[in-house]
Amino acid sequence: MHSALKRYGLSLIFIGIPCLIHCWFVLSNIVNFPFQDDTLLLEFVNAVSKENVSINVFFEQLFKVDNDHILVIPRLVCFTDFLIHGHLDFRLYIFIANINLFAIFFFLWFQFRQTKLPFYYFFPIPFLFFQPQMWEISLWALNGMQHSFILLFVSAIIYCIETKKTWAFITALVLGLFATFSHGNGILIYPVIFLALMVQSRYREGFIWILGMISSLVLYLSRYEVSQSASLSTNILRILESFFAIFGFNASVFLPMNEIIVTSLGVILFFFMFFVIETDLIRGIIKKAKTTQLENLGLITLFCFIVLTAAIISFVRSWNGVVMESRFAIYASLSTIIVYIMLAVKLDEKYRKIWFLAILPLSVIFNYCSYINEFKVVDYRKSSLQADIFNWKYNHTMLSVPGQFTKNADFFLSPVYQKKIWILPDYWDENAGIIENSEPQNAGNYKLNVHLNRQKIAEKTGFSIRSEAEIINLDFPFVKGNTNEAVYLALKHNSDKTLLLIPTFSNTNSRIRTLWEQKYFKQGFRANFNTDHLHEGTYQIGFVTLHNNIASIHFSKDVFNIKGQKISFVADGRILSEI
């Protein structure tokens, strides 16, 4: 044991660095507050926790379709939490999602060991996997559970199939059912596992697996209802761009949201794996010969699952543009890792080392750039949830969602809050009095650039009109020093004294300057918000800063005037922007 630690100690430390940074990243940005679709968990618990709820109602709610998914596993997780603690803890679900990510990472290690590559070839993989491009999985409770559970079940099924034991095959059948009711792409595990069984000439198990697929599909379709969250795209070019962009999304870390670069990398990754599958598997089946790379069948099976998932996503999500979303970044990372391993296996020893020496520094740079790019987005999302803790507690509204959402969802949000099924953290309790009782006296002169506009928002059924305000400030003296500090925009109604908090994007330094000066944030900020949340009257503009858990508020002389559908920004008695 001592000799093993001595031999692999430095290597384990190197692998552990990105893992520990990921843990710090999650712990620094986690907030116990529902983010968008997380409220579906509150709706479910509210429905099944009422008095005299029958078992039929419970299962009807458990298998209810939301946003084209039947969320049985996430609902069971939150219901179990409710039974144990009496309330929902969204931090717990985020922790579960991240535990699932570590389990998937261990599966990659297991698959890597089967290749017989030297230990150090694994070094780039944690840097490619544990990175914040996929923050919507590592920091979003419901979304994180959906994607992490489905990939965990897929990994476990592949492991069970490779074990070739009766108990393992039965376990795989059960996990296939779990996968089907974890996320919309869960049913896709059946065809790829069937292919893997056929490659290994396991025809009897393949027949049983097909029966399991039919059973799961019948049960799924018996509950399925088409919702309004997705629509089949008819633009073939956009579908193809989205398909390849899902594989190549990691490239956006160097040129953010550049569709050409992202799609190009996706094409390279996809067709390399197509070549591997065609040469190693399909030709082997046609020639009725043993495949030379059967030990890599687990990685190939996982890649085939990603291919089917990317195809479904591109068909139903590309109606509004090329799909480049954080929640799908994990499929890009897994694709990149699989290609890295497969190419390392296929290359000769000389070129294999060159491949490793090229990928290792690139993976470290990729990981660093990913944190630099995404941290400001995640910090804004954290500030948004923290602001909504205040907004809900003192104003019964949330600004992180469209204005109509809280009205439509109030039939379950208010009951779960009143029954303490949903408990808000005491984030603002010590400072609420300071903020609420503040008066806009001795207002300062802060230079604000305000842009008011009405945008057309594309939806499945057409377009909706949304009024938005953008406020830019470059001279506000407060500069964030760490993740526990924040600056919020404050809007205080002059008549009813309602005060709303709005999160801000703090300005950041460049990648090089951040590395050189060890300072990520710099002076100035930007705030965007939907003006539908504001009611008629005059709002004084202010700023709330949080430093060492102590809040202070500073008011500007500028105001927003709301009158009917008319919105205007007034500075020094002059209307500077109006819609």
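The values are calculated or read from the model by the stated rules, or taken from the named source; none is laboratory data. Not measured: the values here are computed from a predicted model. No Cβ is skipped: glycine too gets one built from the backbone with ideal geometry, and neighbour counts run over all protein chains shown. Accessible surface is based on the protein model in full, side chains and every heavy atom, while ligands, DNA and RNA are left aside. Shrake-Rupley method; radii C 1.70, N 1.55, O 1.52, S 1.80 Å.
Over the residues of the chain, the helix contribution to mean residue ellipticity at 222 nm works out to -18000 deg cm²/dmol, using -39500 (n - 2.57) for each DSSP H run of at least 4.
Note on residue 278: accessible area is roughly 50 Å² with a 1.4 Å probe, heavy atoms of protein only. Heavy atoms only, probe 1.4 Å: what % of the accessible area of the chain goes to carbon and sulfur, would you let me know? Reported share for carbon and sulfur atoms: 61 percent. Dipole magnitude for region 18-230: about 900 debye, using +1 per Lys or Arg Cβ and -1 per Asp or Glu Cβ, origin at the Cα centre. Against the criterion of solvent-accessible heavy-atom surface with a 1.4 angstrom probe, 554, 147, 85 sort, most first, into 85, 554, 147. In the structure displayed, which of 376/407; 419/519; 382/497; 407/566; 447/497 lie more than 32 Å apart, Cα to Cα? As for pairs spanning more than 32 Å Cα to Cα, those are 419/519. Here the Karplus relation 6.51 cos²θ - 1.76 cosθ + 1.60, evaluated at θ = phi - 60°, turns the backbone of region 164-172 into coupling constants of 6, 10, 4, 4, 5, 5, 5, 4, 4 Hz, with x for every Gly and Pro. Here region 359-418 is treated with +1 on each Lys and Arg Cβ and -1 on each Asp and Glu Cβ, and its dipole about the Cα centre works out to around 60 debye.
For region 28-45, putting each phi into the Karplus relation 6.51 cos²θ - 1.76 cosθ + 1.60 with θ = phi - 60° gives couplings of 6, 10, 7, 9, 7, 8, x, 10, 6, 5, 4, 5, 4, 5, 5, 4, 5, 5 Hz, in residue order, rounded to whole numbers and with x for Gly and Pro. Rg then Dmax, both in Å and based on the Cα atoms of region 39-188: 17.5, 61.
Near the amide H of residue 71, within less than 5 Å, lie the amide hydrogens of 66, all on another chain or at least 5 residues away, with H placed in the peptide plane. With protein chains left intact and a 1.4 Å probe, residues in the chain average 46 Å² of accessible area per residue. Only one residue of 371, 168, 255 has its Cα farthest out toward the positive end of the dipole of the chain, where Lys and Arg carry +1 and Asp and Glu -1 on Cβ, and that residue is 168. Residue by residue, region 131-138 carries 3J(HN,Hα) couplings of 9, x, 4, 9, 4, 5, 9, 7 Hz when phi is fed to the Karplus relation 6.51 cos²θ - 1.76 cosθ + 1.60 (θ = phi - 60°); x denotes Gly or Pro. Amide H contacts of residue 427: none lie under 5 Å away among residues 5 or more positions distant or on a separate chain (H built 1.01 Å from N in the peptide plane; Pro and chain starts excluded). Counting only protein heavy atoms and using a 1.4 Å probe, the accessible area of residue 255 comes to about 90 Å². In a simple Cβ point-charge model (Lys, Arg +1; Asp, Glu -1; nothing else charged), the chain has a dipole of about 1720 debye relative to its Cα centre. Placing unit charges on the Cβ atoms of the charged side chains and taking the dipole of region 18-230 about its Cα centre, the candidate lying farthest along the positive direction among 156, 118, 67 is 118. With both partners inside the chain, how many of the DSSP beta bridges are antiparallel, as a percent to the nearest 5? Here the share of antiparallel DSSP bridges comes out near 95 percent. A Förster radius of 60 Å, combined with the Cβ-Cβ distance separating residue 68 from residue 568, puts the computed FRET efficiency at roughly 0.90.
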